[in-house]
Structures are given as C-alpha cells and as structure tokens.
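First comes the structure, then the notes that go with it.
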Amino acid sequence: MTNAGIGAISYEDSGFVIPIDLNEGADILVQIMIYDVGGLHQEEKQLILESVSISPDQFALFIPAPLPEGSYKAHITLFQNEKRLAGRILDFHVQ
C-alpha cells in the first residue's frame, strides 16, 4: 500500500484542491461528503465518489464540486484498496 499524506485542503474555483504527497503513483478513491451548515443544523447536501490515478510527480488533485452560496462542511477521505489513506474535515463558505 502507498503511504500518502494530504495537506491543507481548500475550496476554490468551484472545486476542492487537495495537496497530496505520495511516495509512488497510485489509484485512489476520493470520497467527499458535503454538508450544508446553517446555525446549529447541518444537512447532507452531496456525496462525491471519484476514482483518480495519481502519478508520482503530481502534487495536487482538483475535484469539481459546484455549490450555491452558503456555509458548508466537507468530510474528505482518500482510500486505496478499500483502506483509508488519509482524511480531513473542511469548514468553508461559498460567496
């Protein structure tokens, strides 16, 4: 299994930018669960599952996810061979 790390994830240009650090190329599954957040309430808005082939010289992934204006929380997890490689939670606002 590949050792992977992910850096500080951001939401820009209607998608998620996920900095990655891999020792070798890999085929991974990116799972992003997006929640619409309002006050003390959050509701699941969207689930993204995307299979990605990463080369050893690739330093970031871009996963498109156009969203309307609002506040969101995203749970981002990377998997390889059905095992969790890394994960992050991102709170963000779309204007």
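The values are calculated or read from the model by the stated rules, or taken from the named source; none is laboratory data. Keep in mind it's a predicted model, so treat the numbers as computed, not measured. Backbone-built Cβ (ideal geometry, glycine too); neighbour counts: all protein chains shown. All accessible areas refer to the heavy atoms of the entire protein, side chains included, with ligands and DNA or RNA removed. Shrake-Rupley method; radii C 1.70, N 1.55, O 1.52, S 1.80 Å.
Using the basic label-point model (7 angstrom from Cα toward the beta carbon), what is the His41 to Lys73 distance in nanometres?
Result: 1.5 nm between the two label points.
Take the Cβ-Cβ distance between Glu82 and Ser14 as r, set R0 to 25 Å, and report the resulting FRET efficiency rounded to the nearest 0.05. Working shown, then result.
On the way: r = 29 Å, r/R0 = 1.18.
Step by step, r from the Cβ atoms, then E = 0.25.
If amide H atoms are built 1.01 Å from N in the plane of the peptide, which residues on other chains or at least 5 residues away come under 5 Å of the amide H of Ala65?
Amide H to amide H, under 5 Å and 5 or more residues apart or across chains, Ala65 pairs with Gly15, Phe16.
Output wanted: per-residue J couplings in Hz (rounded whole) for segment 10-16, from phi through Karplus 6.51 cos²θ - 1.76 cosθ + 1.60, θ = phi - 60°, x for Gly and Pro.
9, 10, 8, 6, 6, x, 9
Residues of the chain: accessible area per residue at 1.4 Å, in Å²?
On the way: 5690 Å² over 95 residues.
On a per-residue basis, 60 Å².
Could you point to the label whose value was computed as volume of the Cα convex hull per residue in Å³ for the structure here, given (1) 89; (2) 100; (3) 125?
The calculated read-out lines up with (1).
So how far, in whole Å, is the C-alpha centre of segment 71-93 from the one of segment 38-68?
Comparing the Cα centres of segment 71-93 and segment 38-68, I get a distance of 8 Å.
Quick check on segment 35-76: take the gyration tensor over C-alpha atoms, sort the square-rooted eigenvalues as a ≥ b ≥ c, and tell me if it's rounded (a/c under 1.5), prolate or oblate.
Details: a/c = 3.00, a/b = 2.77, b/c = 1.08.
Prolate, because a/c is 1.5 or more and a/b exceeds b/c.
With +1 on each Lys and Arg Cβ and -1 on each Asp and Glu Cβ, how big is the dipole of the chain about its Cα centre, in debye rounded to the nearest 20? Working shown, then result.
On the way: 5 positive and 13 negative charges, 50 e Å.
Dipole magnitude for the chain comes out near 240 debye.
Convert each backbone phi in segment 63-79 into a coupling constant with the Karplus relation 6.51 cos²θ - 1.76 cosθ + 1.60 (shift: θ = phi - 60°), then list the ³J(HN,Hα) values in order as whole Hz, x for Gly and Pro.
For segment 63-79, the Karplus curve yields 10, x, 7, x, 10, x, 3, x, 9, 9, 10, 10, 9, 10, 9, 10, 10 Hz.
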